[in-house]
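K.L.:
Sending over a structure as structure tokens; questions will come in a sec.
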Amino acid sequence: MGGDGGGPPEPFGVERSAEIVAGSFAGTADPRLREVLMALVRHLHAFVKEVALTPREWEAAIGFLTETGRMCTGTRQEFVLLSDVLGVSTLVDALDGRADGATESTVEGPFHMVASPPRALGDSIDELGKGEPCLVTGRVVDTGGVPVAGASVDVWQADADGYYDVQRPGEVPPLNLRGLFTADEDGRFWFRTIVPRHYPIPDDGPVGRLLRATGRHPNRPAHIHFQISAPGVRTLTTHLFVAGTPYLDSDAVFGVKAGLIREFATVDDPVRAAEIGLPNPYRRVDFPITVERVTA
């Protein structure tokens, strides 16, 4: 790039536009920031040239991103939705990698916006009593099979109608179908809930219009979110998918992994149902979770 000797800068032109602009970031002190910015400029300019983007189209794109930002609130993250439906969230997660044998991770989604309430093992996270009652059990171990005693197990899910609590304020109790559990000394956890329903991601904003314009549906298969954390352990964000639910083969955010799909079996046992505080019959699923130890 010109100008090093005090002369005029290199004229901006289409052919070398990316090199000229990327060169302006060459003095960035942070090497990672420099790398990211220079690559962003190269790819962005290549994209603009490839599609011969017009001024009107670029103005529309800026308007779309502006509206996306305006849709974001304390309980809704439209930019996360955009990242999700473009597959970027899943790609970033995939590039992050996991140790062999660890439970597969997947996207966090846009609804982990509020802190889950602490609950005791065996508590119910369902405060409405609407839906198929379900017992969820599991055990957190590391890749060597050692239990992770006291692991934090944060869960959140949609209700029987396919909504999260933050989507229906005033209609459902706040923090419904959310819970923060502490695994026991053997790494085990268990809680009562309902079988979640498949649902559409919020589609009343710019991301929804994008999906409609491209002939895509907004639906996600039924699942329960899990986030596992503990000292010395790499935090794991994952899903427990309900086998047989619609949209397992066409998740709007590309988050389904075969290893995370489980059968929610029907249990007809009045004695056991009474012991755990659920009506009979009920559904049951076991979700063992393997996490990765980290060293300082």
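K.L.:
So which pairs qualify, if the first residue must be in the range 255-267 and over 14 Å from residue 105 (Cβ atoms), the second must be assigned to a strand (DSSP E or B) and open to solvent by 50 Å² or more (accessible area, probe 1.4 Å), the Cβ gap must be under 6 Å, and the two must be at least 6 apart or on different chains?
P.N.:
So the pair list comes out as 265/284; 267/284.
K.L.:
Being assigned to a loop (DSSP other than H, G, I, E, B) and loosely packed, with under 15 Cβ neighbours inside 10 Å is the requirement here; does residue 160 meet it?
P.N.:
No.
K.L.:
For the range 8-18, what are the residues that are surrounded by 11 or more Cβ atoms within 10 Å (Cβ to Cβ) and either of a type outside the set (Asp, Glu) or at pLDDT 95 or above (or both)?
P.N.:
9, 16, 17, 18
K.L.:
For the range 22-73, give me each residue that is among the hydrophobic types (A, V, I, L, M, F, W, C), in a loop (DSSP other than H, G, I, E, B), surrounded by 14 or more Cβ atoms within 10 Å (Cβ to Cβ) and free of Cβ contacts under 8 Å to residues at least 12 places away in the same chain.
P.N.:
Across the range 22-73, the qualifying residue is only 72.
K.L.:
Residue by residue through the range 197-217, note down the ones that are open to solvent by less than 50 Å² (accessible area, probe 1.4 Å), outside any helix (DSSP H, G or I) and in contact (Cβ under 8 Å) with a residue 60 or more places away in the chain.
P.N.:
If the condition is that a residue be open to solvent by less than 50 Å² (accessible area, probe 1.4 Å), outside any helix (DSSP H, G or I) and in contact (Cβ under 8 Å) with a residue 60 or more places away in the chain, then 201, 202, 205 are the ones that fit.
K.L.:
Considering each of 283, 220, 197 in turn, give the residue that is touching a Leu at 6+ places or on another chain (Cβ under 9 Å) and of a type outside the set (Val, Ile, Thr).
P.N.:
283
K.L.:
Tell me which residues, restricted to the range 268-296, are in a strand (DSSP E or B) and surrounded by fewer than 17 Cβ atoms within 10 Å (Cβ to Cβ).
P.N.:
Listed by number, the residues that qualify are 286, 293.
K.L.:
Restricting the range 163-192 to residues that are in a loop (DSSP other than H, G, I, E, B) and of a type in the set (A, V, I, L, M), which is most open to solvent (accessible area, probe 1.4 Å)?
P.N.:
175
K.L.:
Which residue pairs have Cβ atoms closer than 9 Å, lie 6 or more positions apart in sequence or on different chains, and pair a first residue in the range 123-140 that is assigned to a loop (DSSP other than H, G, I, E, B) with a second residue that is of a type in the set (Gly, Ala, Ser) and open to solvent by less than 20 Å² (accessible area, probe 1.4 Å)?
P.N.:
Pairs found: 123/179; 125/116; 125/179.
K.L.:
Taking residue 86, is it out of contact with any helix residue (DSSP H, G or I) (no Cβ under 7 Å at 6 or more places or on another chain) and over 30 Å from residue 188 (Cα atoms)?
P.N.:
Yes.
The values are calculated or read from the model by the stated rules, or taken from the named source; none is laboratory data. Here the structure is a predicted model, which is why all the values come from computation and not from measurement. Ideal geometry is used to build each Cβ from the backbone, glycine not excepted, and the neighbour counts take in all protein chains shown. These accessible areas exclude ligands, DNA and RNA; they are computed on the full protein's heavy atoms, side chains included. Shrake-Rupley method; radii C 1.70, N 1.55, O 1.52, S 1.80 Å.
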